[in-house]
Amino acid sequence: MKIKYAIILVLVLIVVGAGIGLKMFFKPHADISKLDAEYKVEATAIMDEFQKDENAATLKYSEKPIEINGKLVAKNKLPNGTDLLVLENEMEGISCQLDSNWAAANPQVIQALETGSQVTVKGVCKGFLMEIKVSPAVVVSK
Amino acid sequence: MLKKVFILILLVTSVNVFGQGKFIAKNAFISFYSSTPMEDILGECNEAVTILDSENGEIIFQSIMTTFHFKRALMEEHFNENYMESAKFPKAKFKGKIEGFSKDMLKAPAANIKITGQLNVHGVEKTITVPGTLGLEDGKLAATSKFKVTPEEYGIAIPSLVRDKIGKEMEVTVKATYLPFGQ
């Protein structure tokens, strides 16, 4: 009888182990719309920070969810369908690629965005490459 | 800032933009692909920046490693943490020159080219020569390239347990559509 219980125990452990393994393997991407922003900043302020000391700013912001408020200067679609919002400066501003799932669920929010107006975006900061890269991002409704 | 935007608009709308200054693409596409018996591994980046100097045919590509996206979150995690060590080596860079470059190439339909330059990935720099195309596509200057790299050459250690699952070579695809950029 004891052996029987031992076998059952081992089988349960295997099933639980495999379950955890599969869950890790199929772990979905983090949903940015549900993450809390670690920093809330004005677009021009974070641009200044990266301009002054790129390394320090990269250490501070890279891979962190941040919320940025700034002027929308361009709204584009990339060849692969990704919506792209550019804040403050078309060449050296902040480039935000919208999360495709969020964009698909909220087309009217994107539609309503007007260049020249203020917009608040929450996304994962990827660092600086001519401009500050933020992806994936979502538009925060006020 | 307004001035720059103005110059950009001026350059974009001007007919005679070719043959002067630089061309830029801020959302160039780079992917790498490896087919494995278990599943295909595909990392895609839409945020590479590239500058093409129309005076001498010099071309630069740069990308932030963490802007490569994968189907599975776990793949992305392994890519950044185990293989590329993105925190230590955040950017990849290629700086090269188009062989036999002439300004006419920028006005002609896409044609085959060869580019030789230094590819810096994972802190290791290698000189490579890759095939590609350059020329007008739908009225815009476009560049493409497809070549293979071996992770080990760039000091990227892949554990033997998964070594067989990841192809020996990775196929890298690059696509960029350029806009003239005022200096």
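A short reminder: the numbers here are calculations on the coordinates, not readings from a lab. Treat the numbers as computed from the prediction; the structure is a model and nothing was measured. For neighbour counting, all protein chains shown are included, and Cβ atoms are generated from backbone atoms with ideal geometry for every residue, glycine included.
So the values come out like this:
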quantity	calculated
Fluctuation leader among B:30, B:59, B:166 - chain B, Gaussian network, Cα springs under 10 angstrom	B:166
FRET efficiency estimate (nearest 0.05) - Cβ-Cβ, residue A:118 to residue B:55, R0 51 angstrom	0.80
Average Cα contact separation per residue, chain B, under 8 Å, 6 or more apart, as relative contact order %	25 percent
Max mean-square fluctuation residue, GNM over chain B, Cα-Cα springs under 10 Å, options B:130, B:162, B:49	B:162
Among A:37, A:105, A:18: highest mean-square fluctuation, GNM of chain A, C-alpha pairs under 10 Å	A:18
Helix-derived mean residue ellipticity, 222 nm - over chain B, DSSP H n ≥ 4, -39500 (n - 2.57), to 500	-3000 deg cm²/dmol
Computed over the range A:46-108: relative contact order in percent, which uses C-alpha pairs under 8 Å that are six or more apart	21 percent
Long-range amide H partners of residue B:167 with built H, under 5 Å	B:35
Label point at residue B:72 placed 7 Å out along Cα→Cβ; residues across the range B:147-172 whose backbone nitrogen lies under 16 Å	B:159, B:161-167
Selection from A:85, A:124, A:56 lying farthest towards where the dipole of chain A points positive, charges on Cβ	A:124
Spin-label proximity, residue B:179 to the range A:39-76 - amide N less than 13 Å from point 7 Å beyond Cα toward beta carbon	A:73-76
Relative contact order of chain A, pairs being alpha-carbon contacts under 8 Å that are 6 or more residues apart, as %	24 percent
Rounded D (µm²/s) - chain B, Kirkwood Rh over Cα pairs, Stokes-Einstein at 25 °C, 0.890 mPa s	140 µm²/s
Alpha-carbon centroids, the range B:53-78 and the range A:93-118: separation in whole Å	23 Å
Helix-only CD estimate at 222 nm, as mean residue ellipticity for chain A, using -39500 (n - 2.57) per DSSP H run (n ≥ 4)	-11500 deg cm²/dmol
Efficiency of FRET from Cβ geometry, residue B:148 and residue B:116, R₀ 22 Å, rounded to 0.05	0.90
Antiparallel DSSP beta bridges within the protein assembly as shown, as percent of all bridges there, nearest 5	90 percent
Cross-link table B:26/B:107; A:77/B:175; A:77/B:97; B:93/B:146; A:64/B:26, entries beyond 19 Å C-alpha to C-alpha	B:26/B:107; A:77/B:97; A:64/B:26
Selected from A:97, A:14, A:65, residue furthest toward positive end of dipole (chain A; charges at beta carbon)	A:14
Protection proxy ranking, peptides B:169-179, A:72-82, B:115-125, average beta carbon neighbours within 10 Å, highest first	B:169-179, B:115-125, A:72-82
